[in-house]
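Structure first, then comments.
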Amino acid sequence: MKPVLILSATHKVKGLLRSLSLNTVCEDSRCPNIGECFSSGTATFMIMGDTCTRACTFCNLKRGKPAPPNPEEPYNLLQAVRKLGLKYVVLTSPTRDDLPYGGAEHFYACVRVLKDNIPDIRVEVLVPDFKGNHQALEIVLSAKPDVLAHNIETVPRLYHRVRIGSKYERSLEILQEAKKLAPHIPTKSALILGFGERWEEILQVLRDLRKVQCDLITIGQYYQPSRNHHPVVKHYTDEEFEELEAFARSLGFKGVACGAHVRSSYRAFELSLFL
Ligand code: SF4
């Protein structure tokens, strides 16, 4: 698509989202694929606001005390999804440690309103770790999303610097528990590279994810959103991404998206077709 058409389509999607008080990860995380996704009418919606109760050093979301979830949000989402004619929707949220069950009930409401009103819509949820609360996970899974995603983000050695307030084992456990609670719902995770991880550590994370039967994986390059964020320690080459993709496939992941600009929700629909 020509740049001028991409810009105008992007502008239109942004206008619609503003009018319905909806946020997208695409804008808030300054995703490098924003033009491509918006121009094709795709967006990853961020429910429950744009303020996070954690403080990952790579993330561009606001930190602080978030507002309560908007009870109208599921219906605003429905309007947006209908107007954009979407058939595959990704819903995520900031981590909401301030809410009961980490906001799982709001995830439930959003998934059900979409599924109950749009025949054949497919909904992927990208959830926080809910502080390891299995009941919260059960609430989300009971809404019957089509994919349950939780991002591992980085290697365990770097969690204390990159994912402050989160735990590697807890994130693995969320994916494992999801498989136990709803074996028929595919699980997905994402790794961002460039924080100073070692090659063997990346391979071990991929093995760990397969051990908990994670089905889909995305691997992308970290870009520093501002000078106040974690520095980029390494830029990976196309060859290195290809090598990682081959390794991930050899472990048995059903779908793998690997490359500098790949983000957890990038081409989520295409990746789900591998299931
Ligand atoms: S928990 Fe998620 S939304 Fe919150 S700061 Fe970390 S990456 Fe960003």
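The values are calculated or read from the model by the stated rules, or taken from the named source; none is laboratory data. This one's a predicted model, so the numbers in the text were calculated from it and none came from an experiment. No Cβ is skipped: glycine too gets one built from the backbone with ideal geometry, and neighbour counts run over all protein chains shown.
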Expected single match for surrounded by fewer than 21 Cβ atoms within 10 Å (Cβ to Cβ), small (Gly, Ala, Ser) and in a helix (DSSP H, G or I) among ALA260, ALA178, ALA246 is ALA246
Looking across the stretch 45-77 at residues that are of a type in the set (A, V, I, L, M) and surrounded by fewer than 16 Cβ atoms within 10 Å (Cβ to Cβ), the single one that is nearest to the ligand (Cβ to nearest atom) is ALA55
Across (1) of a type in the set (Gly, Ala, Ser); (2) farther than 18 Å from PRO69 by Cα; (3) without any contact (Cβ under 8 Å) to a residue 60 or more places away in the chain; (4) in contact with an Asp or Glu (Cβ under 9 Å, 6 or more places away or on another chain), GLY102 clears everything bar (2)
Given (1) within 16 Å of the ligand (Cβ to nearest atom); (2) in a loop (DSSP other than H, G, I, E, B); (3) closer than 30 Å to TYR108 by Cβ, HIS230 misses just (3)
Per the list (1) over 19 Å from ARG18 (Cβ atoms); (2) within 16 Å of the ligand (Cβ to nearest atom); (3) surrounded by 18 or more Cβ atoms within 10 Å (Cβ to Cβ), residue check on PRO94 breaks on (1)
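Yes or no, residue by residue, for (1) out of contact with any strand residue (DSSP E or B) (no Cβ under 9 Å at 6 or more places or on another chain); (2) more than 16 Å from the ligand (Cβ to nearest atom):
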residue	(1), (2)
ARG82	yes, yes
VAL90	no, no
GLY102	yes, no
PRO128	no, no
LEU141	no, yes
ILE152	no, no
Exactly one of PHE247, PHE241, PHE274 is at pLDDT below 95 and either of a type outside the set (Lys, Arg) or under 21 Å from the mean Cα position of the chain (by Cα) (or both), and that one is PHE274
GLU200 passes all but one of the listed conditions (1) over 23 Å from ARG157 (Cβ atoms); (2) modelled with pLDDT of 95 or more; (3) among the charged types (D, E, K, R); the exception is number (1)
Residue pairs qualifying under the 8 Å Cβ cut-off, at least six apart or on distinct chains, with the first in the stretch 167-195 being of a type in the set (Asp, Glu) and the second being at pLDDT 95 or above and surrounded by 20 or more Cβ atoms within 10 Å (Cβ to Cβ), are GLU177/LEU137
Condition test on ASP28, is it within 16 Å of the ligand (Cβ to nearest atom), surrounded by 14 or more Cβ atoms within 10 Å (Cβ to Cβ), within 25 Å of HIS229 (Cα to Cα) and at pLDDT below 75? yes
